[in-house]
Structure formats: C-alpha cells, structure tokens
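The values are calculated or read from the model by the stated rules, or taken from the named source; none is laboratory data. All of these numbers come straight from a predicted model, not from anything done at the bench. Cβ sites come from the backbone with ideal geometry, for glycine too, and all protein chains shown count toward neighbours. Please note that ligands, DNA and RNA were not included when accessible areas were found on the heavy atoms of the full protein model with its side chains. Shrake-Rupley method; radii C 1.70, N 1.55, O 1.52, S 1.80 Å.
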Amino acid sequence: MNALQLSASEFRTLAARVTGLAADYLASLGDLRTFPEVSGVSSLKAFGEALPEKGLGPAALDALTTVLEFSRPPSPRFFGYVLGSGEPVAALADLLVSVLNQNVTAWRSAPAAVTLERHVVEALAAALNCHGHRGSFCGGGSMANLMALAMARESHLPANASGATAGVVYASNEVHMSIPKAMALLGLGRTNLRLIPTDECLRMSLAQLRTAITADRAAGRVPLAVVATAGTVNTGSIDPLPEIAALCREERLWMHVDGAYGGLAALAEPERFAGLEAADSLSLDPHKWLYQPLDCGVLLFKDAGAARAAFSYSGDYVRPLAQDRLEGFAFFDESLELSRRFRALKLWLSLRYHGLDAFRRAIREDLRHAQLLAQQVAASGRLELAAPVALSAVCFRYPSQEGHPADGDRLNVAILRRVIERGRVYLSNATLASGFVLRACFVNHRTTEADVARIVPEVLAAADEVLAAR
Ligand SMILES: Cc1ncc(COP(=O)(O)O)c(C=O)c1O
C-alpha cells in the first residue's frame, strides 16, 4: 500500500478530531481575545520546527491547537478591514470540496461542479437584478477587477495578439488599490488611471468625470472604461451608478462596477444599487458580505463573448471533446484561471441551508450596527465621525490634542495599536483627506448590539492609556 493511503476508518477518526476541534473553537469565539497575545518572534518559534522525514501519524494533529492559539479569531468583535466572518456550513462544504478535489476547468473534468458554479453565479446575478449576467468564481475582488479590466481592454483596444497600447481608465480617488495594480499588470500603466475627485459624500463627481473624458479625447488619448465603486473600501460610499452608466453608454466606454465590498448589499437594499444591472462587468466578494470562508470572489459580465475574447486561448490537452453546448463548456475560455477550486459548493450549501432571506437579514443587521456605532461615536462627546456612513464602514477618530493633523494621525495610530493590544475589539484604519482614522466595518454575522456597544468604551480606554503615557 502507498504510504500516503489512509483507510476509511483512519479518515473518520481524524475528521472527527478536526471537526471536534473546530466545533470547540466556534463555541469559544465570544470568549477569545480579538487578537492573540503573540509576537513575530513567538510565532516564528511556534512554527519553526523542521518538517519530519518520518510521519508523526495522528500526533501531527496535536500542533493544530497551536495554529488556533496563534490565529486572529473570527470573533463577534472583529471589525477590521472588509472580511466576512466565515459561515460554518460553508466551511464543512470546503472540507468536502477538498475530498472531492474537482478541478473546475470544464464540464469534461467536473460535471457537478461546473453545472453548480454556472447555476449559483447566474442565480446570484439574478438576485442582484443583473438578469442575464454570467460569470465565474475567482480568488477575490482583486482578481475579479483584473479580469474585468482585461475584458475592457480587449473589447476597446485589443492587445492580446500584439501587445497593449495606452488607453485611459477613470475611477474615483477612493478606488481600491487593486485597480491601479490591474492597470500596471495589463500594460495600460498606472498614469493612465484618472482619479476623479469625489463629492462631500465621497462619491465620484460626474461633472469632473465628464470633463476628464473630454480632455483626454481632445488630447488624442483613448478613453477605455469607467470603474464605478459600489462600496468604497474606506467608507462604503456608492458612486452614482445610473448616471455613470448613462455616460458610459453615451461615450461608448466599458462600465465596470467594483462591488467587492458593497455589491452584495443589493440583496438587502436593492433600491440603493440601481444601475448595477447596466455594468458590463461587476466584481463581488461573497467572502466579504455573504460571510463565506475565503476564498470566494465572483466576476459577473454581460457579454460572454467579451470574456472569451479576453481569455480564450486553450491548449489541446484541455480542449473539450464534446459538441454538446453544456458538455463542451469550459471556464478557462471565460476566465484567467485554469486549475480552479470548487468554490460554488460552499456558497450553494450555505445559501440552501440558511435561505436567501437569512442573508438579507444579516446584511441589514450589519447596516444597522454601523448606524448604531455612528450614533455612539457622536454621543461619546470625545470621538468624532470622520465620514458619512454609507454602508457598514464607520470611520472616526480621537481629535488632535494639539490641533494639528500630524498630531491627530500619531495619536490615532497609537490608539489603534493599543485597541488591538487590549484584545477586546479589533478595528483597522483608513486614510481619508483629513488623515488617519479608525475604522470599524460590519460584515460579521456573529456581532450583536452588545458587541457594538464595546467599541466606543474600548477606544476611549485605549485613548486614556495613550494620553496618560504621553
Ligand atoms: C472595493 C474593494 N475592491 C476590491 C477589493 C479586493 O478584494 P480581495 O481582497 O478579495 O482581493 C476590496 C477589498 O477589501 C474592496 O474593498
């Protein structure tokens, strides 16, 4: 027998141990620190042991408790970045995904996985009022944005055969960093990304967008695409989608919507996302606001022909053998990825288990928690809101004691460090025009009102400690 073989009963015993560990961990989440008491050096030491030449057998699993101890838990009081909370039914699906080990390249290789992925993507699109959009799962918003701009480039300034020529892309100055990165990778160049100023609600200014397009055309440059953001990473602002869609139609530009953070909130509040359906491409991240375990990104597009123009270039070894429309389908013709995980299973199982309505309600609860925190910040008398709360991200700060921005930045950096060290709530940060701010983002199905109420007292306690040490 091959040394890597495991009997069914050995697998059952190991799986029971791992699921037992996971269940205990889930049960303890509310009591755990929001960041473990670890350092870079202690984590290096914990995991520095040489890999064994001879297998440890079941004792190998003993070290999993150390992995848990050194991990930042998916706590009900985790409000950092834009990171979903990890829905456990989906986690169980991920175990089966790895056991099945389907390579979701084409129906030929993975009939159930390909069919389910196509079904889930189309059903998700329809639930967002993007009837008829198709697409695929990918690693996340950055990958989806890269693929979207590759499609935009190929449809307006074909480059796949003989290389890229410069074309101009427009986005607000609140755009996510993955867009300039995609400009660089696609050979369009970061300087050809026009960062359009935003209004007082941090939404792209339509007048300035129009002016920039006109100026570029007058200078002989080629406008290519507009990236509208539906939920900016800093503050959750939503660019004026219907107006941008109309302008893109008028100017014949590709409209991409980066909805990686906010787009899925259209399930709960569709009226705020009118215009989404007009997008030529749309990035979504179920690993953010559908609470799915990483990784789970989606790219939707209106025209599968544009996806094929950008991505279809297959070697013979993968070419589908069937003529049948369904059996001949291959994701690699419409995506950058070839070998792909069965990402649809977790979302499908999680949606079937809980039902769409439970997700809509969870999103509404996140939105309500953000408003609650905004009220508590305002009522604190010591903290100030730093931006309007458009979705579920709340930016706020402790005002500078010396009345100048650099001091405010230093103070809030120190407060954030202290909040994380105290380990009772986890916040992250953003840099707005006004400087460094603290940021709480609610995409967490475990959070309760009592958890929200911990944030302001924790920040004030951390601020008191920082000020006392000055
Ligand atoms: C608006 C926006 N776009 C894109 C991304 C990138 O997504 P990912 O981290 O899944 O690559 C993020 C991540 O926070 C985001 O907020």
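Going by a ≥ b ≥ c, the root eigenvalues of the Cα gyration tensor, does region 36-91 fall in the rounded group (a/c under 1.5), the prolate group (a/b larger than b/c) or the oblate group? Oblate shape, in that a/c is at least 1.5 and b/c is the bigger or equal ratio. For a straight C-alpha distance cut-off of 18 angstrom, the aspartates and glutamates reachable from Lys288 (same-chain residues fewer than eight places away being disregarded) are Glu87, Asp94, Asp258, Glu269, Asp357, Glu365, Asp366. Legend: Rg and Dmax of region 129-212, from Cα coordinates, 14.1, 43 Å. At q = 0.14, 0.18, 0.23, 0.24 Å⁻¹ the log10 of I(q)/I(0) for region 238-335 amounts to -0.68, -0.93, -1.14, -1.19, computed by Debye summation with a single uniform scatterer per C-alpha, solvent ignored. Summary of packing: across the peptides 109-122, 395-408, the per-residue average of other C-beta atoms within 10 Å ranks them, highest first, as 109-122, 395-408. Restricting region 207-257 to trypsin sites (Lys or Arg not before Pro) that sit in a DSSP loop and have at most 15 other Cβ atoms within 10 Å of their own Cβ leaves Arg221, Arg252.
Semi-axes of the equivalent ellipsoid for region 372-417, computed as √(5λ) from the eigenvalues of its C-alpha gyration tensor and ordered from largest down, come to 20, 11, 9 Å.
Mean Kyte-Doolittle of at least -1.0 plus a Cα span of 27 Å or more along the axis: flag which DSSP H helices in the chain meet both, please. Mind showing how you got there, number by number?
Details: long enough: 8-28 (30 Å, 0.40); 356-380 (36 Å, -0.22).
Counting only whole DSSP H runs, the qualifying helices are 8-28, 356-380.
Rounded to the nearest 0.05, what FRET efficiency do Glu243 and Leu157 have when you use their Cβ-Cβ distance and R0 = 30 Å?
0.75
The packing ranking of peptides 412-422, 93-103, highest mean first, is 412-422, 93-103, where packing means the average number of other beta carbon atoms within 10 angstrom of each residue. Only helices enter this figure: runs of n ≥ 4 DSSP H residues, each worth -39500 (n - 2.57), summed and divided by the residues of the chain, yield -13000 deg cm²/dmol at 222 nm to the nearest 500. Surface exposure of region 223-300, expressed per residue as accessible area with a 1.4 Å probe, stands at 22 Å².
Taking a ≥ b ≥ c as the square roots of the eigenvalues of the alpha-carbon gyration tensor, region 1-61 is classed oblate because a/c is 1.5 or more while a/b is no larger than b/c.
Does region 59-141 come out rounded, prolate or oblate, given a ≥ b ≥ c as the square roots of the eigenvalues of its C-alpha gyration tensor, rounded meaning a/c under 1.5 and, failing that, prolate meaning a/b above b/c? If you can, show how the numbers build up before the last one.
Values: a/c = 3.22, a/b = 1.46, b/c = 2.21.
It is oblate, given that a/c is not under 1.5 and a/b is not larger than b/c.
Relative to the 2.2 N^0.38 Å rule of thumb, the chain has a C-alpha radius of gyration ratio of 1.05.
Between Tyr313 and Val18, 0.36 nm times their residue separation minus their Cα-Cα distance comes to what? Intermediate values should be presented prior to the final figure.
Numbers: separation 295, 0.36 × 295 = 106.20 nm, distance 4.12 nm.
Contour length minus the Cα-Cα distance gives 102.1 nm.
Atom-type composition of the exposed protein surface of region 62-151 places 62 percent of the accessible area on carbon and sulfur (1.4 angstrom probe).
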